[in-house]
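A.B. asks: This is the structure I have questions about; it appears just below.
The values are calculated or read from the model by the stated rules, or taken from the named source; none is laboratory data. Because the structure is a prediction, the values reported are computed rather than measured. All Cβ positions, glycine included, derive from the backbone under ideal geometry; neighbour counts span all protein chains shown. Only protein heavy atoms, including side chains, enter the accessible area calculation; ligands, DNA and RNA are left aside. Shrake-Rupley method; radii C 1.70, N 1.55, O 1.52, S 1.80 Å.
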Amino acid sequence: MSTTSATISKRNPLHGKLGDKGKRILKKSIGSSIIEFARNKDGEKQHMLYLEDIKISFKCQGYEAIKYDMSPHKDQAVLMVKSAQRSKDKVCPRCGKKVYIYDSFGIHLRDMPLCIDVPLTLFCTGNRYRCTVCGESFTEEVPFKYPGTRITYRAANWIKGFLQQKVSIKAIQELTGIHWDTIRKVQREIMDKAIWERENALKKEGYKPRILAVDEFAIHKGHRYATCVMDLEQGDVLWVGTGRAIKDFEKFFEDMPSDTLSSVIAVAMDMNASYNKLVTQHLPNAQIVYDRFHMQSQYGRDVLGVVRLDEARKHKAKSKEILTDINTDTDKETKQSIKEKAKAEKREYSKLKKLRWTLLTNGSKLTDDQSEHLQSILQDHQNLAVCYSMKEEMCRLYKLQNYQQALDGWTKWFEAAKESAIPALVKFASQKECRIPGLAAHAEFQISTGKLEGFNNKIKVAKRIGYGYRDEDYFFTLIRYLSIPSIRNPSPNFP
């Protein structure tokens with residue numbers, strides 16, 4: 001094989017089409033590295049580029065390559081880069097006089113690898129200068145070093161490309177050999193920049209949030225939660241904080257500028273007492289709207305679910321009681337009759353156990369068979385029939401669009417619930433009666449926390465992709481980034 005070599009430039013093909021400024025940015029980003037490979041004895045290019053045949057020429061911003069080495073196991077590659085700058089080309093940053101070289105330095109920078117499983121490290125050596133007049137000393141910069149990290153601009157842009165394809169930090173670390181914390185810094189810079197640009201764009205438009213939603217989501221096992229505040233009109237998450245108690249949610253009003261929330265007219269929330277109290281205190285002109293889903297969900301669990309199971313247990317207990325009438329003196333026909341009665345009670349028990357979703361489904365959406373089956377059961381269970389009717393009336397109240405009608409309707413609903421003498425329904429009414437104004441406000445503001453609940457699923461996906469997050473501040477920044485409309489649609493760029 002001949003030792004004659006040719007070169008392939010790694011410069012961007014658009015380089016010639018860029019302006020002077022574009023060329024400077026591109027050069028700073030990718031440098032001027034060149035990969036060389038051998039030709040055969042006839043002077044033709046090799047069809048296969050072998051790892052051991054690779055040579056690299058590097059000349060960029062006053063630095064040039066002096067040596068390229070590969071480890072014996074071919075699992076590490078090092079490119080030694082030396083400063084080509086001279087002292088006569090430098091001046092003192094303080095007085096502008098001549099300087100001289102008094103020392104040198106070395107730094108390792110991780111670069112974009114030549115191939116998978118072979119990380120490429122740049123070992124850069126440069127000069128330290130001292131002024132001949134004032135004695136000021138300074139170190140020359142490594143212009144292709146990405147700020148705040150030990151990687152090159154080219155490696156940082158490579159990482160950004162992976163992040164845009166929704167590759168996880170763990171996977172990027174395994175592919176590049178770059179530490180996960182460095183990758184996280186690059187990602188954090190992108191997120192902070194996007195959030196800053198979004199906030200400035202809204203300020204220039206003079207936009208202020210009008211309708212908010214507040215809800216919590218789990219961040220760790222063991223009932224550890226965080227609170228999230230979303231602008232329902234724009235879809236942006238305005239704030240994320242640890243905890244859901246009063247002292248935790250108070251930080252939202254401390255962190256947000258006072259004039260930012262001056263235009264808020266409505267806030268959708270569940271019935272968490274801390275949310276209600278602080279919104280009333282800090283936003284006296286905003287109307288609290290209790291979320292329909294939370295109200296109906298709690299009613300289905302604490303009333304319909306409890307009453308249904310109580311009725312089912314009565315049938316099960318009655319079945320056991322009937323069977324106790326069988327003894328050694330019972331004749332065959334009587335025994336058979338008693339068993340049939342016990343089986344009938346067990347069938348009723350089974351029907352009620354399977355009736356959960358039918359009871360929770362809106363009556364208008366039931367099929368004819370389901371509706372007929374439901375009515376046949378409700379005829380024999382008075383308490384369950386009353387609770388189901390109250391559930392249907394609740395659905396009707398949520399369709400009202402007149403505040404006064406809704407207020408009167410909810411007042412009558414709670415009065416009827418307390419007069420029903422059904423323990424579960426009376427208890428539910430006693431707990432929620434003080435929420436009537438917030439429930440009736442749904443007629444004036446047809447809003448809910450549904451949009452935020454849907455975004456909570458995106459938070460769970462991000463947490464799963466990232467294998468969890470130890471840095472809560474970083475995780476909360478990621479949540480805000482994913483909520484930016486331009487990022488969220490059609491899909492988030494990472495994690």
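A.B. asks: Local charge sum around LYS204 (other residues, Cβ-Cβ under 12 Å, Lys/Arg +1, Asp/Glu -1)? Write down the numbers at each step before the final one.
C.D. replies: Working: positive: ARG198, LYS203; negative: GLU197, GLU199, GLU205.
Local net charge: -1.
A.B. asks: If you count only protein heavy atoms with a 1.4 Å probe, what accessible area per residue comes out for the range 265-422, rounded to a whole Å²? Before the final figure, lay out each step's value.
C.D. replies: Working: 9260 Å² over 158 residues.
For the range 265-422, the solvent-accessible area averages 59 Å² per residue.
A.B. asks: What angle do you read, to the nearest 10 degrees and between 0 and 90, between the alpha-carbon axis of helix 450-465 and the longest principal axis of the chain?
C.D. replies: The two axes meet at around 50 degrees.
A.B. asks: Over all distinct alpha-carbon pairs, what is the Kirkwood Rh of the range 207-267 in angstrom? Don't skip to the answer; put the middle values down first.
C.D. replies: Values: mean 1/r = 0.0824 Å⁻¹.
Answer for the range 207-267: a Kirkwood hydrodynamic radius of 12.1 Å.
A.B. asks: Starting from 0.36 nm per residue, how many nanometres of slack lie between HIS373 and LYS170 once their C-alpha separation is accounted for?
C.D. replies: Details: separation 203, 0.36 × 203 = 73.08 nm, distance 5.33 nm.
Working it through step by step, the gained length comes to 67.8 nm.
A.B. asks: Please work out the C-alpha center-to-center distance from the range 70-145 to the range 287-344 and express it in whole Å.
C.D. replies: Taking the Cα centre of the range 287-344 as reference, the centre of the range 70-145 is 81 Å away.
A.B. asks: Any idea what the dipole of the chain comes to, in debye rounded to 20, about its Cα centre with Lys/Arg Cβ at +1 and Asp/Glu Cβ at -1?
C.D. replies: On the way: 82 positive and 61 negative charges, 398 e Å.
Dipole of the chain, to the nearest 20 debye: 1920 debye.
A.B. asks: For the residue pair ASN402 and HIS223, what label-to-label distance in nm results when each label sits 7 Å from Cα along the Cα-to-beta-carbon direction?
C.D. replies: About 4.4 nm separates the two model spin labels.
A.B. asks: Can you give the translational diffusion coefficient of the chain in µm²/s, computed by Stokes-Einstein from the Kirkwood radius over Cα pairs at 10 °C and 1.306 mPa s?
C.D. replies: Values: Rh = 29.5 Å.
The Stokes-Einstein estimate is 54 µm²/s.
A.B. asks: Based on the Kirkwood radius over alpha-carbon pairs, what is the Stokes-Einstein translational diffusion coefficient of the range 287-387 at 10 °C with 1.306 mPa s viscosity, in µm²/s?
C.D. replies: Values: Rh = 15.7 Å.
Translational diffusion coefficient: 101 µm²/s.
A.B. asks: I'd like to compare 314-321, 144-151, 464-471: which one has the highest average count of other Cβ atoms within 10 Å, and what's the full order after that? Don't jump to the answer; show the numbers that get you there.
C.D. replies: On the way: 314-321: 15.0, 144-151: 18.5, 464-471: 12.8.
The most tightly packed comes first, giving 144-151, 314-321, 464-471.
A.B. asks: Which peptide among 411-420, 302-311 comes first, and what is the full order, when sorted by highest mean count of other Cβ atoms within 10 Å? Please list the in-between numbers first.
C.D. replies: Numbers: 411-420: 15.7, 302-311: 18.9.
The most tightly packed comes first, giving 302-311, 411-420.
A.B. asks: Going down the table (LYS221/LYS399; LYS320/LYS354; LYS427/LYS458; LYS247/LYS463; LYS318/LYS427), which pairs top 29 Å between alpha carbons? Before the final figure, lay out the partial values.
C.D. replies: On the way: LYS221/LYS399 37 Å; LYS320/LYS354 20 Å; LYS427/LYS458 35 Å; LYS247/LYS463 25 Å; LYS318/LYS427 27 Å.
Among LYS221/LYS399; LYS320/LYS354; LYS427/LYS458; LYS247/LYS463; LYS318/LYS427, the Cα-Cα distance tops 29 Å for LYS221/LYS399; LYS427/LYS458.
A.B. asks: How far is helix 153-164 tilted, in degrees, relative to the longest principal axis of the Cα atoms in the chain, given as a value from 0 to 90 rounded to the nearest 10?
C.D. replies: The answer is roughly 20 degrees.
A.B. asks: Explain nothing, just the number: relative contact order of the chain, from Cα pairs under 8 Å at least 6 residues apart, as a whole percent.
C.D. replies: Details: 712 pairs, mean separation 57.0, N = 495.
It rounds to 12 percent for the chain.
A.B. asks: Given the convex hull of the Cα atoms of the range 401-495, what is a quarter of its surface area in nm²? Can you show the working numbers first?
C.D. replies: Values: hull surface 37.8 nm².
Spelled out: convex hull of the Cα atoms, projected over all directions, averaged, 9.5 nm².
A.B. asks: Right, another one. Below 8 Å between Cα atoms, with a sequence gap of 6+, how large is the relative contact order for the range 326-477 in percent? Intermediate results must be reported in sequence, preceding the final value.
C.D. replies: Working: 66 pairs, mean separation 23.4, N = 152.
Result for the range 326-477 is 15 percent.
A.B. asks: Taking the chain as the reference, fit the longest principal axis to its C-alpha atoms, fit the long axis of helix 332-353 to the helix C-alpha atoms, and give the angle between the two in degrees, 0 to 90, nearest 10.
C.D. replies: 40 degrees
A.B. asks: Another one. Full extension from TRP180 to SER104: what is 0.36 nm times the residue separation minus their Cα-Cα distance, to one decimal in nm?
C.D. replies: Working: separation 76, 0.36 × 76 = 27.36 nm, distance 2.97 nm.
Roughly 24.4 nm would be gained on extension.
A.B. asks: Give, as a single signed number, the net charge of other residues whose beta carbon lies under 15 Å from the beta carbon of ILE265, with Lys and Arg counted +1 and Asp and Glu -1. Write down the numbers at each step before the final one.
C.D. replies: Values: positive: LYS208, ARG210; negative: ASP231, GLU233, GLU444.
For residues surrounding ILE265, the net value is -1.
A.B. asks: Still on this structure: Just to confirm a number: summing +1 for Lys and Arg and -1 for Asp and Glu over residues other than ALA218 whose beta-carbon lies under 11 angstrom from that of ALA218, what do you get?
C.D. replies: Values: positive: LYS221, ARG224, ARG244, LYS460, LYS463; negative: GLU216.
Combined, the nearby Lys, Arg, Asp and Glu give +4.
A.B. asks: Ranked from highest to lowest mean number of other Cβ atoms within 10 Å per residue, what is the order of the peptides 116-126, 451-461? List each step's numbers first, then the result.
C.D. replies: On the way: 116-126: 18.1, 451-461: 16.5.
The peptides rank, most packed first, as 116-126, 451-461.
A.B. asks: For Cα pairs less than 8 Å apart in space and 6+ apart in sequence, what is the mean separation divided by the residue count of the range 104-196, i.e. the relative contact order in percent?
C.D. replies: Details: 110 pairs, mean separation 22.4, N = 93.
With pairs under 8 Å counted, the relative contact order is 24 percent.
A.B. asks: Report the FRET efficiency, 1/(1 + (r/R0)^6), for ILE246 and GLU433, where r is their Cβ-Cβ distance and R0 is 22 Å, rounded to 0.05. The partial results should precede the final answer.
C.D. replies: Numbers: r = 22 Å, r/R0 = 1.01.
After rounding to 0.05, the efficiency reads 0.50.
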